[in-house]
1. What's the FRET efficiency of Asp10 with Ala180 using the Cβ-Cβ distance as r and R₀ = 25 Å, to the nearest 0.05?
2. Under the rule of at least 5 residues apart or a separate chain, name every residue whose amide H is placed under 5 Å from the amide H of Thr166.
3. Each label point is 7 Å from the Cα along the Cα-to-Cβ direction; what then is the distance between the points at Ala143 and Gln155, in nm?
4. I'd like the accessible area for Val102: 1.4 Å probe, protein heavy atoms, all chains in place, Å² to the nearest 10.
5. If I take R0 = 22 Å and measure r between the Cβ atoms of Glu25 and Ala47 in this structure, what FRET efficiency does the formula 1/(1 + (r/R0)^6) give, to the nearest 0.05?
6. To the nearest Å, what is the center-to-center distance of region 144-170 and region 74-113, using C-alpha atoms only?
7. Residue by residue through region 172-178, which ³J(HN,Hα) values in whole Hz follow from phi under the Karplus form 6.51 cos²θ - 1.76 cosθ + 1.60 (θ = phi - 60°), with glycine and proline marked x?
8. Loop-only trypsin sites (Lys or Arg not before Pro) in region 78-167, please: DSSP not H, G, I, E or B, and at most 11 other Cβ atoms within 10 Å.
Amino acid sequence: MRSPKLTEDDYERTVESLRGTRLIEVTYYPLSCGDDDTEVEEWDFGAWHQPTMGVGMLAENGTQYSAVWGHSFDHHGLEVFREPMASLLTMIGQPGGTPAVVVTGHPSWSGLIGVPLVGAEILWSEGDFVPRLPVAVELRAPAATAWLVSGRPAQWPSDGRFYLGTDDVMTVFTHEAATAIGLSRESTED
């Protein structure tokens, strides 16, 4: 992982640029596993997915967005860049690297593909962290919502408890799952 440092202003401009965007492709970058480190680790857990290393999004106008965990704000948080994932991750698709798994056709993403995003909001951490940490970005389309989250299950297999602000990326697709994971209910309602 090699991500450049972000300022809050840069980050807010990048997320703002997602509003009105039509996504045409979404790719996950989960961990690899197996004896030869070339198998794709499980990532689909129903209402949430664990693409661990990040999510790549291609817009209709050709702009590429990458959502990864990073520490620009002095602790792990979700960072979004307007650049391809290959600029941030090394060894994509190689043994010991991360596989690229196109998930555009997955039913959880279907309501967000090919339609303008009507909202893209940063969910900042609340509490004692100074400066604030971006723990999630909420993407809204007329018929669907997805949260890109810096988080992971507290234990494996998951017992329903999650940590936010970690060095893993999750995607969450329902308000119920977002609330259970710890995303603020207020920030997920229109």
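1. 0.20
2. Correct list: Gly151.
3. Distance between the two pseudo-spin positions: 4.0 nm.
4. Approximately 90 Å² for this residue.
5. Once the sixth-power term is evaluated, E becomes 0.50.
6. Each part reduced to its Cα centre gives a spacing of 15 Å.
7. 10, 10, 10, 4, 5, 5, 4
8. Loop-located and lightly packed - Arg161.
The values are calculated or read from the model by the stated rules, or taken from the named source; none is laboratory data. Please read all numbers here as calculations on a predicted model, not as lab measurements. When we count neighbours, we look across all protein chains shown, and the Cβ atoms used for this are built from the backbone with ideal geometry, even at glycine. Surface accessibility is based on the protein's heavy atoms, side chains included, excluding ligands, DNA and RNA. Shrake-Rupley method; radii C 1.70, N 1.55, O 1.52, S 1.80 Å.
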